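Q: Handing you this structure, nothing more for now.
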Amino acid sequence: MQVFWSRGYHGTSLPDLLEATHLSRGSLYAAFGDKHGLFLRTLDRYIDDALARLNTELDPHKPALDGVRACLAGYVDRTSGVAGKRGCLVVATAMELAAHDAEVKKRIGRFFTALETQLAAALARAQAAGELAAGVEPAAAARLLLCVLEGMRVVGKTGPEPAVSHAAVQSLIDRLVR
């Protein structure tokens, strides 16, 4: 994962993968089929880890707005400093491969759909609790948050100060809640 994440799919060579996995060429092919197969397994793991973190942050047994705030704060942390400059494997992969790789596009779509769905569910719970501002529609607000969060991943590559990102997120939250 680290090699693909650092170098991208096209920038990663078979020798890079052999060194990182400590496998022989034959063992790598036997285990994963080919470089693309290994990459898809890597992307699946990255996405599964991200969704597990999201499930924790947006736990339906916790107050909805606390979960949304935790999710947004986590994105600020992951898009700041060294982590922000490194970027996100999902966003980098979407930019590099999704337009011409159906398997990658399906996986990226699965992640974005899950993120948007969970945000919409949390916002619907907040709305039911009377915590959203008048006129805020949970599904539309979730789509907006998806775009902002993934856009933060791109902007994070330029190294913005965390305080600036926190202020932007707080400004958005202030417009969504009562």
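The values are calculated or read from the model by the stated rules, or taken from the named source; none is laboratory data. Because the structure is a prediction, the values reported are computed rather than measured. In this analysis, Cβ positions are derived from the backbone assuming ideal geometry, glycine residues included, and neighbour counts consider all displayed protein chains. In case anyone asks, the SASA skips ligands and DNA or RNA and just uses the protein heavy atoms, side chains included. Shrake-Rupley method; radii C 1.70, N 1.55, O 1.52, S 1.80 Å.
Q: Could you give every pair whose Cβ atoms fall below 8 Å, whose first residue belongs to the range 1-16 and is over 15 Å from Leu28 (Cα atoms), and whose second residue is in a loop (DSSP other than H, G, I, E, B) and of a type in the set (A, V, I, L, M), counting only separations of at least 6 or pairs across chains?
A: Once the first residue is over 15 Å from Leu28 (Cα atoms) and sits in the range 1-16, its partners that are in a loop (DSSP other than H, G, I, E, B) and of a type in the set (A, V, I, L, M) give Tyr9/Leu97.
Q: Considering only the range 129-149, I want to know if a residue exists there that is open to solvent by less than 50 Å² (accessible area, probe 1.4 Å), within 12 Å of the chain's Cα centre (by Cα), under 27 Å from Gly11 (Cα atoms) and not aromatic (Phe, Trp, Tyr).
A: Taking every residue of the range 129-149 in turn, at least one turns out to be open to solvent by less than 50 Å² (accessible area, probe 1.4 Å), within 12 Å of the chain's Cα centre (by Cα), under 27 Å from Gly11 (Cα atoms) and not aromatic (Phe, Trp, Tyr).
Q: Does Arg53 qualify as being open to solvent by 10 Å² or more (accessible area, probe 1.4 Å), free of Cβ contacts under 8 Å to residues at least 40 places away in the same chain, outside any loop (DSSP other than H, G, I, E, B) and within 15 Å of Glu116 (Cα to Cα)?
A: When the stated conditions are applied, Arg53 passes them.
Q: Among residues belonging to the range 69-82 that are free of Cβ contacts under 8 Å to residues at least 24 places away in the same chain and open to solvent by 20 Å² or more (accessible area, probe 1.4 Å), point out the one that is farthest from Leu58 (Cα to Cα).
A: Val82
Condition check ((1) part of a helix (DSSP H, G or I); (2) polar (S, T, N, Q); (3) surrounded by 14 or more Cβ atoms within 10 Å (Cβ to Cβ)) across all residues:
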{"site": "Gly11", "(1), (2), (3)": "no, no, no"}
{"site": "Leu23", "(1), (2), (3)": "no, no, yes"}
{"site": "His36", "(1), (2), (3)": "yes, no, yes"}
{"site": "Asp59", "(1), (2), (3)": "no, no, yes"}
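Q: If only one of Ala102, Ala124 is over 17 Å from Ile47 (Cβ atoms) and open to solvent by 30 Å² or more (accessible area, probe 1.4 Å), which one is it?
A: So the residue among Ala102, Ala124 that is over 17 Å from Ile47 (Cβ atoms) and open to solvent by 30 Å² or more (accessible area, probe 1.4 Å) is Ala124.
Q: Can you tell me which residue is nearest to Val148 (Cα to Cα) among those in the range 89-99 that are open to solvent by 10 Å² or more (accessible area, probe 1.4 Å) and in contact with a helix residue (DSSP H, G or I) (Cβ under 6 Å, 6 or more places away or on another chain)?
A: Restricting to residues being open to solvent by 10 Å² or more (accessible area, probe 1.4 Å) and in contact with a helix residue (DSSP H, G or I) (Cβ under 6 Å, 6 or more places away or on another chain), the top hit is Val91.
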